[in-house]
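For reference, the structure discussed in these notes is given below.
The values are calculated or read from the model by the stated rules, or taken from the named source; none is laboratory data. Quick caveat, the model's predicted, so the values are computed rather than measured. Cβ placement follows ideal geometry from the backbone for every residue including glycine, while neighbour counts extend to all protein chains displayed. Each accessible area value is taken on the protein alone, full model and side chains, heavy atoms only, with ligands, DNA and RNA left out. Shrake-Rupley method; radii C 1.70, N 1.55, O 1.52, S 1.80 Å.
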Amino acid sequence: MWGRIPFNVLPKINRNFTRTFLSESYKCTESWNQRLTSPVLQNINPANFYYELEQKFQTYGKVSPIDIDILASKISEGGDIDALADLMHKHRLTEETSNTLDSTGHSLIRAYLEKFQIDELLHILDDRLNYGVFLDSFTANMSLDVLIKNKDFKSAAKVATLIMLQEDFDNKITRALSLYACVKHLQKPEPFKEPPPAPVVIETKTKKKVEEVKVRVKFLRNSYFDDHFDLTDDNALVGKTLVMVGELIPGTIGNSAQLLGYGLYGKYEKGCEFLAKVGSDVHTDAVEMMKTFLQTVKIEDNEHFANFYQKVNALTGGSTNSFENDVSSLANSMVSENEAADVELQKKIYSEWCDLRQQRLKEDLERLQRKKRVEEIERINQSMVEEEQKLWFFENEDKIDLQIDSKRIFYHKRWFGKKKKPRTVDQGYVPPEVQKKRM
């Protein structure tokens with residue numbers, strides 16, 4: 001009844017599909033979902049719980065960090081991720097932000113990756129001051145892997161620059177995937193942010209005088225550039241990422257990454273020193289890529305740039321292997337060597353987070369109970385004082401009257417009648433002489 005379908009009739013399938021660097025087991029989905037077995041999380045409805053936290057913010061101006069973490073842990077089962085992000089922004093502005101759990105940001109990043117809302121995720125990660133969400137090694141690797149799989153190399157390179165700003169390339173998988181993302185991005189670079197639209201100028205026949213607007217400022221800051229968090233140029237961010245990663249990778253691959261990094265970063269003097277040290281131990285195609293980029297740079301009267309440009313043009317490269325293929329092989333080897341250890345470490349951390357969540361929740365409950373007991377004791381004391389006043393009223397009547405009189409406010413009497421005119425003094429007035437009466 002069923003026959004074999006001829007090969008030429010099968011639908012066209014993308015046969016150039018390449019497996020992602022990380023396997024599906026790296027997500028540790030089963031261990032991550034173990035948090036949902038907690039009795040506390042099972043009884044939470046994300047939508048209703050969000051409105052409760054919103055009301056707490058309106059009433060008290062802050063909420064407990066453990067409540068934010070519980071909502072973040074349940075957001076994958078249903079709920080508005082953007083609402084959670086807005087709640088975390090409000091929480092960031094309170095004094096309780098220092099007690100935020102590590103699992104809160106991890107949950108938010110994983111939720112955005114599951115929904116594949118990359119633009120929103122990158123916006124939150126890039127606005128560290130207002131959201132306080134940072135990549136750890138596991139979410140960084142997952143983000144890079146997802147973006148590389150979908151060939152969104154621009155966003156992958158952006159994630160690599162965010163890791164560079166955190167100066168967190170201790171994980172070998174992270175540094176290898178970041179290097180691969182930056183190399184693929186440089187093959188077809190795209191701006192990280194869309195340029196602002198050009199202002200529309202409407203020409204009129206009548207020329208109006210432009211009024212000068214002056215703004216009062218309290219003080220002026222001296223110009224300062226820290227060469228790290230103040231970096232905004234895409235090439236400089238990617239270049240510093242390549243330099244930082246290349247220093248951690250030995251051999252020709254690391255040298256090629258640093259060569260590209262110094263050129264993109266604009267550190268031409270250090271680039272000359274680097275070339276004098278490594279010589280031609282770089283990839284040929286990396287040198288050609290650097291030559292192409294330097295031709296687009298317009299810098300006049302810069303001695304260091306001229307020296308670097310001259311040395312790069314004279315460089316031939318010692319390795320004819322493809323730089324991209326070597327980086328891809330390095331990433332695959334780093335994943336095969338370190339993936340199992342990362343998976344075990346993730347499982348351990350997830351278990352510790354569940355225990356920490358239960359401990360913090362227990363501490364919060366004890367604090368609330370203690371607060372209620374103190375309020376109840378104060379209420380009882382107040383009622384006893386009032387009852388004592390009733391029982392001993394006649395003995396303390398004079399004392400109570402004095403207390404009432406001391407609290408009474410006396411106002412000055414006001415005259416609401418017709419106001420008299422003030423007397424005017426006549427400067428030329430001469431008083432009459434006083435004579436003695438005759439008897």
**Item:** Number of the condition not met by Leu36 [criteria: (1) at pLDDT 90 or above; (2) under 16 Å from Glu352 (Cα atoms)]
**Value:** (1)
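Being in contact (Cβ under 8 Å) with a residue 40 or more places away in the chain and over 16 Å from Ala72 (Cα atoms) is the filter; apply it to region 123-138 and report the residue that is most open to solvent (accessible area, probe 1.4 Å).
Asn130
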**Request:** Quick one: Ala340 ticks every box in (1) within 32 Å of the chain's Cα centre (by Cα); (2) modelled with pLDDT of 90 or more; (3) within 27 Å of Ile66 (Cβ to Cβ) except a single one, so which number is it?
**Result:** (3)
**Item:** Test for Lys347: is it open to solvent by less than 100 Å² (accessible area, probe 1.4 Å), of a type in the set (D, E, K, R), assigned to a helix (DSSP H, G or I) and over 18 Å from Ala176 (Cα atoms)
**Value:** yes
**Message:** Against the definition (of a type in the set (Gly, Ala, Ser), at pLDDT 90 or above and over 37 Å from the mean Cα position of the chain (by Cα)), how does Ala257 come out, yes or no?
**Reply:** no
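Counting only residues that are of a type in the set (Phe, Trp, Tyr) and under 22 Å from the mean Cα position of the chain (by Cα), which one in region 143-184 is nearest to Phe229 (Cα to Cα)?
Among those residues, the one meeting the criterion is Phe169.
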**Item:** region 139-157, subset out of contact with any Ser or Thr (no Cβ under 9 Å at 6 or more places or on another chain) and either in contact (Cβ under 8 Å) with a residue 40 or more places away in the chain or acidic (Asp, Glu) (or both), residue least open to solvent (accessible area, probe 1.4 Å)
**Value:** Met142
**Lys240, sole failed condition from (1) in a helix (DSSP H, G or I); (2) among the charged types (D, E, K, R); (3) more than 25 Å from the chain's Cα centre (by Cα)** = (3)
**Request:** Test each condition in (1) open to solvent by less than 30 Å² (accessible area, probe 1.4 Å); (2) out of contact with any Gly (no Cβ under 8 Å at 6 or more places or on another chain) for Leu179 and report the one that comes out false.
**Result:** (2)
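Of the residues in region 281-314, how many are acidic (Asp, Glu) and touching a helix residue (DSSP H, G or I) at 6+ places or on another chain (Cβ under 6 Å)?
As a first pass, look at region 281-314 and keep what is acidic (Asp, Glu): 281, 285, 288, 300-301, 303.
Subsequent filtering for residues that are touching a helix residue (DSSP H, G or I) at 6+ places or on another chain (Cβ under 6 Å) retains 281, 285.
Counting residues in region 281-314 that are acidic (Asp, Glu) and touching a helix residue (DSSP H, G or I) at 6+ places or on another chain (Cβ under 6 Å) gives 2.
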**Fill in**
Checked region 237-248 for anything touching a Leu at 6+ places or on another chain (Cβ under 7 Å) and among the aliphatic types (A, V, I, L, M); matches are Leu237, Val238, Leu242, Val245
**Request:** Considering every residue within region 316-329, establish whether at least one is of a type in the set (Gly, Ala, Ser), under 30 Å from Ile68 (Cβ atoms), open to solvent by less than 80 Å² (accessible area, probe 1.4 Å) and part of a helix (DSSP H, G or I).
**Result:** no
**Item:** region 281-315: number of residues that are among the polar types (S, T, N, Q) and surrounded by 15 or more Cβ atoms within 10 Å (Cβ to Cβ)
**Value:** 2
**Complete:** Reported set for region 231-242 where residues are open to solvent by less than 60 Å² (accessible area, probe 1.4 Å) and either modelled with pLDDT under 90 or of a type in the set (Ser, Thr, Tyr) (or both) is Thr241
**Prompt:** If you check Asp401, Asp364, Asp405, which single one turns out to be touching a residue at least 12 places away in the same chain (Cβ under 8 Å) and of a type outside the set (Lys, Arg)?
**Reply:** Asp364
**Fill in**
Over region 243-280, the set of residues in a helix (DSSP H, G or I), open to solvent by 40 Å² or more (accessible area, probe 1.4 Å) and over 23 Å from Ser329 (Cβ atoms) is Glu269, Lys270, Glu273, Ala276, Lys277
**Asked** Taking region 14-33 as the search range and keeping residues that are open to solvent by 50 Å² or more (accessible area, probe 1.4 Å) and either touching a His at 6+ places or on another chain (Cβ under 8 Å) or not in a helix (DSSP H, G or I) (or both), which one is modelled with the highest pLDDT?
**Response** Arg19
**Complete:** Subset of region 350-362, residues surrounded by 13 or more Cβ atoms within 10 Å (Cβ to Cβ) and either of a type in the set (S, T, N, Q) or more than 28 Å from the chain's Cα centre (by Cα) (or both), comes to Ser351, Gln358
